[in-house]
Structures are given as C-alpha cells and as structure tokens.
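Reading through the structure tokens given below for one structure.
Quick note: the coordinates plus some simple rules give every number you see, no bench work behind them. Computed from a predicted model, the values in this text were never measured in an experiment. FYI the Cβ positions are ideal-geometry reconstructions off the backbone, even for glycines, and counts take in every protein chain you see.
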C-alpha cells in the first residue's frame with residue numbers, strides 16, 4: 001500500500017537520503033559524474049532542501065510503501081494558474097511497482113486541493129531521460145524545450161512538458 005506525507009523541515013535529511021540513491025541512478029547514463037555531483041550538492045544538501053521549502057515555495061511530499069520511504073515529489077506554484085512539478089523521483093528498488101503513477105496522482109491531487117480552478121502543471125525532463133515516456137503515458141505533452149544553465153558551466157537539456165488539470 002502506498003501513502004504520502006507532506007514533508008517538513010525535519011524531513012530534509014530523509015529527502016537527501018532518498019535522493020542520494022535516486023539522483024545518481026537517474027542521471028548516470030545522461031550526465032558526467034562531475035555534473036551529477038555538482039547538481040546533487042546544489043539541489044539536495046539538507047540546507048538547500050530547507051531553503052527550497054522555506055524561501056522558494058517548494059512543497060515536498062514523501063512517498064511510502066508499507067511505511068518504507070520510496071520516493072518524493074515537490075510542487076511550486078509559479079503563477080496564478082501555473083504549477084511546476086519540480087521533482088518526482090522513485091527509489092530504484094521501488095521502480096516498476098506503480099509508485100511513480102501514485103506520486104504523480106498525488107501531486108495533481110495536491111495542486112487541485114490548493115487550486116480547484118483549471119490550471120496548468122508543467123515539469124522539466126532531460127531530453128534523454130527514460131522518464132519522458134512515463135510522463136507521456138501520464139498525459140503530459142512537450143510544450144517547449146531549452147538548454148538551461150545550472151551553474152558551474154553545466155546545462156540541463158530539457159523538454160518542458162505540461163498538462164491542463
């Protein structure tokens with residue numbers, strides 16, 4: 001059985017721990033190890049997760065399977081009717097069991113709970129990430145693409161996918 005819990009500042013270390021497994025596994029075939037290390041530190045140090053929560057408006061949720069943490073997502077409201085799914089990741093050992101679909105559904109439910117009117121949800125996905133096909137199956141479509149600087153001379157080569165909810 002899957003459940004989610006809205007994360008608090010006390011969960012920053014847990015998110016960091018899950019991300020330490022998920023992030024390198026997700027990008028090892030796409031990015032250099034140096035870029036993975038740089039981006040992981042930039043996005044997933046407990047201090048940066050806390051900053052995202054407290055200063056940047058990211059709302060994190062942790063997914064559980066039978067009380068074992070198995071993934072997470074975060075949502076940021078970017079405009080009145082625009083929400084960005086900043087992160088959605090499933091631990092490698094839980095992939096293929098429906099956790100991603102469950103987390104995506106919970107992200108949409110969360111957005112609708114705080115914004116019942118029609119709106120758009122977008123996310124970035126690296127153009128070479130196999131998750132692209134999962135997002136298509138979930139109903140998202142490519143709305144634009146770009147090469148986005150992430151610092152230290154690195155770029156993410158992403159599609160921005162979106163859906164009306």
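Going through segment 44-57 one residue at a time, which ones are over 15 Å from the mean Cα position of the chain (by Cα) and assigned to a helix (DSSP H, G or I)?
46, 47, 50, 51, 54
Please state which of the following conditions residue 52 fails to meet, knowing it meets all the rest: (1) surrounded by fewer than 19 Cβ atoms within 10 Å (Cβ to Cβ); (2) closer than 18 Å to residue 19 by Cα.
Status for residue 52: all satisfied but (1).
Within segment 67-81, can one find any residue that is surrounded by 13 or more Cβ atoms within 10 Å (Cβ to Cβ) and farther than 30 Å from residue 117 by Cβ?
Yes, segment 67-81 has at least one match.
Just one of the numbered conditions (1) under 30 Å from residue 164 (Cα atoms); (2) in contact with a strand residue (DSSP E or B) (Cβ under 8 Å, 6 or more places away or on another chain); (3) not in a strand (DSSP E or B) is not true of residue 14; which one?
Exception for residue 14: condition (1).
Table: residues versus (1) closer than 15 Å to residue 64 by Cα; (2) touching a residue at least 24 places away in the same chain (Cβ under 8 Å).
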residue	(1), (2)
12	no, yes
15	yes, yes
25	no, yes
40	no, no
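Sort out which residues of segment 22-39 are surrounded by fewer than 17 Cβ atoms within 10 Å (Cβ to Cβ) and either in a helix (DSSP H, G or I) or under 15 Å from the mean Cα position of the chain (by Cα) (or both), and write them in order of number.
Initial filter on segment 22-39 (surrounded by fewer than 17 Cβ atoms within 10 Å (Cβ to Cβ)): 24-25, 28-30, 32-34, 37.
Residues satisfying the conditions are 24, 25, 33, 34, 37.
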